[in-house]
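Trainee: Can you read through this structure? Questions will come right after.
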Amino acid sequence: MRQADRSGLNAQRKAAMAVMAHAPAAELARLWAAAEPDITSETVRGPETGLVMVRGRIGGGGDAFNLGEATVTRATVRLGTGEIGHSYALGRDGDKAVLAATIDAVLQRPGDAAEIEARVLAPLRVALDEARERQRAETAATKVEFFTMVRGED
C-alpha cells in the first residue's frame with residue numbers, strides 16, 4: 001500500500017474511532033445490526049479494562065501535570081479475511097470496545113468501508129452533531145450578560 005493511501009486510511013480510521021468513542025453503545029449496536037454485516041471475526045485481545053493517566057496542561061500550553069485516572073477498555077479483533085481492528089473506549093463497556101474494533105477492521109476492507117460509513121458512521125455523526133447543537137443552545141439560554149452603569153456622581 002502506498003504511503004498516501006495508508007495516510008488516507010489512517011485518517012478515515014481516526015475519524016471513525018472519534019465518532020464511535022462519543023456514540024452511545026446501544027445506538028452503535030443498533031446501527032451495526034441494521035447494516036446486517038456478513039463477516040466472521042475472532043477476538044484477538046480483550047476486552048481488557050484498565051486505567052490510564054489523564055494529563056493536562058496549565059493554560060492549555062504550559063507545563064504538563066497529572067490530572068487523574070480514567071477507566072479504559074480495549075479490544076483487538078481479526079476478521080476472517082485477515083484485517084485487524086483495534087479500539088479503546090472510556091469506561092468498562094467491553095461489548096462496545098469489541099464492536100468498535102470490529103468496525104475498525106471492516107473499514108480497512110476497500111469494498112465495505114463506504115457502506116459502513118453510510119449506514120453506521122454517518123447517522124452517528126448526525127446524532128452527535130444534533131446533541132452538541134442542543135447542548136450549545138441550552139448553554140446559550142443560560143448566558144448572563146453583566147454590565148456596569150456609570151453614575152454621574154463621580
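Trainee: What's the angle, to the nearest 10 degrees (0 to 90), between helix 94-107's Cα axis and the longest principal axis of the chain?
Mentor: Here the helix axis deviates by roughly 70 degrees.
Trainee: Before anything else, pin down the relative contact order of the chain: Cα pairs under 8 Å, at least 6 apart, normalised by residue count, whole percent.
Mentor: For the chain, the relative contact order is 22 percent.
Trainee: If packing is taken as the mean number of other Cβ atoms within 10 Å per residue, what is the order of 105-115, 51-61, highest first?
Mentor: By packing density, highest mean first, the sequence is 105-115, 51-61.
Trainee: Still on this structure, I have one more. Can you work out the Karplus-derived ³J(HN,Hα) for every residue in the range 21-32? Use 6.51 cos²θ - 1.76 cosθ + 1.60 with θ = phi - 60°, whole Hz, and x for glycine or proline.
Mentor: Each residue's phi maps through the Karplus curve to give 5, 8, 6, x, 4, 5, 5, 4, 5, 5, 5, 5 Hz.
Trainee: When the Karplus curve 6.51 cos²θ - 1.76 cosθ + 1.60 is applied with θ = phi - 60°, which whole-Hz ³J(HN,Hα) does each residue of the range 84-91 get, with x for Gly and Pro?
Mentor: Values per residue, Gly and Pro as x: 10, x, 10, 8, 10, 9, 5, x Hz.
Trainee: Using Cα-Cα distances under 8 Å and only pairs 6 or more residues apart, what relative contact order does the range 13-91 have, in percent?
Mentor: Relative contact order, the range 13-91: 28 percent.
Trainee: Then there is this: Output wanted: per-residue J couplings in Hz (rounded whole) for the range 129-144, from phi through Karplus 6.51 cos²θ - 1.76 cosθ + 1.60, θ = phi - 60°, x for Gly and Pro.
Mentor: Values, residue by residue: 5, 5, 5, 5, 5, 4, 5, 4, 5, 5, 5, 5, 5, 9, 5, 10 Hz.
Trainee: Here's a follow-up. Using square roots of five times the C-alpha gyration tensor eigenvalues, list the equivalent-ellipsoid semi-axes of the range 3-141 in whole Å, biggest first.
Mentor: They are 27, 20, 16 Å, listed from largest to smallest.
No lab work stands behind these numbers, since they all come straight from the coordinates. Keep in mind that this is a model prediction, so the values were computed, not measured. Glycine gets a Cβ as well: all are built from the backbone with ideal geometry, and neighbour counts include every protein chain shown.
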